[in-house]
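Here the structure is laid out as structure tokens; the discussion comes afterwards.
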Amino acid sequence: MQRQHTKVFQYKLCGLCLSWVFLSIAANAQSWPQWGGPQRNFIVEAKGLSETWPASGPKRLWGRALGEGHSSIIVDGDRLYTMYSRGEQEFVVALDRGTGKTIWEKGYAAPTTEMKLFTEKGPHATPLIAGDLLITVGVTSKLHALEKQTGKVVWSHDLWREYGGTVKDRGYSCSPLAYKNTVIVTVGGPGQSLMAFNLKTGAVVWKKQSFRISFSAPTLINVDGQEQLLMAFADDVAGLDPNNGELLWRHPHPCHGFNIIAPVWGADNILFISSAYECGSRALQLRQTGGKTIVKELWANQRMRVHHGTIIRLGDLVFGSNGSGPAPLTAVNIKTGEVVWQDRVFPKANFVYADEKLILLDEDGQLALVRLSPQGVKVLAKAAVLEHTAWTPPTLVGSNLYLRDRRTIVALDLR
């Protein structure tokens, strides 16, 4: 059921509060270099997208078979990169963006017989473009730095065997983050919740903290001029110095290790975190005072519980699929925690926001074009485009949309 809401909608993306985001995005509009896109927030600059589609869906550019996994598709120039598994092996693959044909692929052993993967068969993490390198982490925690042009291994580590990292029975899932000359990933264990490796050599630059790790990935935020490494751990959300891993602040968000989606940050210094099961959501206000970060909890409740889908923030509203089973699309006021509306038109879904529209892919393989307002959802178009369970977020570069399910990958034209 939808609940009408009469407040003025405040998500004008050209507004001053978000203008800095889109100035940065514009420079990267023709790439998708990491999990979540240019800003790791699933919001991209794109214009001229279609307002509707035929019943068969957008124009299909190409499609092909691909192995198991939920790794997202990244885009760099004329190439796509992603990961998949087949049997007891994992593969990193480079595809031609125009045709989908394989340019190169790198395979390695990744036995998972001792894990409880079931429907979560990996890889889970998304590759990262860092200069001339492609950084990947597989479901068994094998970290590789590859030449992005050839797939040649530059350096590698086994995070579980080399460092005694925390073994997750559902597989490693942290998508790596680049910062200056390092790549940062979760590892786990005393004094090494997070580790930073030198991009060129793979040498350990720092390892810090003893938080129990989750399935989430790190992101970068800026708190009143200070860059911070933001991380949702098993039972806490925390900010660290990305240069050395020192703790700047922490706040409880107990979730028994099931924090999956990364927290969402806004230019008004409000952080939103949401997790499924009995964890719920909370909003934190951060500010700098006397050289320290002060954290104020604005609210916490069980009304929004995002499992592993995308969360989009537009002005004062955050949108996500609410629940670990049936998951209605839900809008929540980030400042009050009030549920503005819920709509059950789609099952659990992932999405990207562009051209004032939500491009939504639900887990049944249905693609939709949606407009959002305080009053609810207006579906502009929808079509079945994939046949198997689809838990991977869409990737949008220009007007080209790249999607995958557990067996195939497709390219669509949204012009």
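The values are calculated or read from the model by the stated rules, or taken from the named source; none is laboratory data. Small disclaimer: the values here were computed from a predicted structure and weren't measured. Cβ sites come from the backbone with ideal geometry, for glycine too, and all protein chains shown count toward neighbours.
The number of residues in the range 68-121 being touching a residue at least 40 places away in the same chain (Cβ under 8 Å), farther than 18 Å from Leu133 by Cβ and among the polar types (S, T, N, Q) comes to 3.
Within the range 98-116, identify whether any single residue is acidic (Asp, Glu), surrounded by 19 or more Cβ atoms within 10 Å (Cβ to Cβ) and more than 28 Å from Asp413 (Cα to Cα), and answer yes or no. For the range 98-116, residues acidic (Asp, Glu), surrounded by 19 or more Cβ atoms within 10 Å (Cβ to Cβ) and more than 28 Å from Asp413 (Cα to Cα): absent. When the range 82-97 is filtered for residues that are touching a Pro at 6+ places or on another chain (Cβ under 8 Å) and either surrounded by 12 or more Cβ atoms within 10 Å (Cβ to Cβ) or among the aliphatic types (A, V, I, L, M) (or both), the ones remaining, listed by number, are Thr82, Met83, Tyr84, Ser85, Glu90, Val92. Within the range 226-245, being without any contact (Cβ under 8 Å) to a residue 60 or more places away in the chain, in a strand (DSSP E or B) and surrounded by fewer than 21 Cβ atoms within 10 Å (Cβ to Cβ) holds for Glu227, Asp236. Could you check, for the range 156-165, whether at least one of its residues is in contact with a helix residue (DSSP H, G or I) (Cβ under 9 Å, 6 or more places away or on another chain) and in a loop (DSSP other than H, G, I, E, B)? Looking through the range 156-165, at least one residue is in contact with a helix residue (DSSP H, G or I) (Cβ under 9 Å, 6 or more places away or on another chain) and in a loop (DSSP other than H, G, I, E, B). Residues being touching a strand residue (DSSP E or B) at 6+ places or on another chain (Cβ under 7 Å), touching a residue at least 40 places away in the same chain (Cβ under 8 Å), assigned to a loop (DSSP other than H, G, I, E, B) and buried (at least 22 other Cβ atoms within 10 Å of the Cβ) are entirely absent from the range 360-380.
Scanning the range 102-113 for residues that are at pLDDT 95 or above and touching a Lys or Arg at 6+ places or on another chain (Cβ under 8 Å) gives Ile103, Tyr108. Residue check: is Asp158 modelled with pLDDT of 95 or more and under 19 Å from Ala125 (Cα atoms)? Taking the combined requirement at face value, the residue satisfies it. Taken over the range 276-332, the residue count meeting the criterion of being loosely packed, with under 15 Cβ neighbours inside 10 Å, outside any strand (DSSP E or B) and not acidic (Asp, Glu) is 6.
One residue stands out in the range 336-359 among those that are assigned to a loop (DSSP other than H, G, I, E, B) and in contact with an Asp or Glu (Cβ under 6 Å, 6 or more places away or on another chain): the one that is surrounded by the fewest Cβ atoms within 10 Å (Cβ to Cβ), namely Pro347. For the subset of the range 295-306 comprising residues that are closer than 19 Å to Leu230 by Cα and either among the β-branched types (Val, Ile, Thr) or under 22 Å from the mean Cα position of the chain (by Cα) (or both), which member is modelled with the lowest pLDDT? Checked the range 295-306; the qualifying residue modelled with the lowest pLDDT is Val306.
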